Amino acid sequence: MIKKALAIAAMFWAVSAMAAVDVNKATEAELDGVKGLGPSTTQLILTERKKSEFKDWNDLISRAKGIGQARAAKLSAQGLTVGGAAFKPTSSTSGKPQGEKQPMKSAKAAEEKKGDKK
């Protein structure tokens, strides 16, 4: 009986630990509790949130320096939400304009390419 009670208590603790933390409603302590958010990012989020709530993940990414798509995905996996929504990657937040050419890998590769044309 005691084992069952302890197991149930452990499950409740685990569920509460994984509960969603909304960036627009969370306290400083709750934000600090999200794995991947440090004190400086938490302060930046709180400062930006005082100006206005975050509309969506794109708004958070654009206003919180240091949070890009990859970090947003990790934070979302840790339970962070914006307006109750989990992060969903979009092409508009890729950080790279569409149609941009990839740079040549090295000067040596450029020389080799010149040599192929002769």
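Taking the criterion of being surrounded by 14 or more Cβ atoms within 10 Å (Cβ to Cβ), within 14 Å of Asp22 (Cα to Cα) and more than 11 Å from the chain's Cα centre (by Cα), the residues of the stretch 35-55 that qualify are Thr42, Ile45, Leu46, Arg49, Glu53, Phe54.
Residue-wise test of (1) hydroxyl-bearing (Ser, Thr, Tyr); (2) part of a loop (DSSP other than H, G, I, E, B).
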site: Gln43; (1), (2): no, no
site: Arg49; (1), (2): no, no
site: Phe54; (1), (2): no, yes
site: Asn58; (1), (2): no, no
site: Ser62; (1), (2): yes, no
site: Lys65; (1), (2): no, yes
site: Ala70; (1), (2): no, no
site: Lys74; (1), (2): no, no
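Each value in this text was obtained by applying a stated rule to the coordinates, not by laboratory testing. Keep in mind it's a predicted model, so treat the numbers as computed, not measured. Virtual Cβ from ideal backbone geometry, glycine too; neighbours counted across all protein chains shown.
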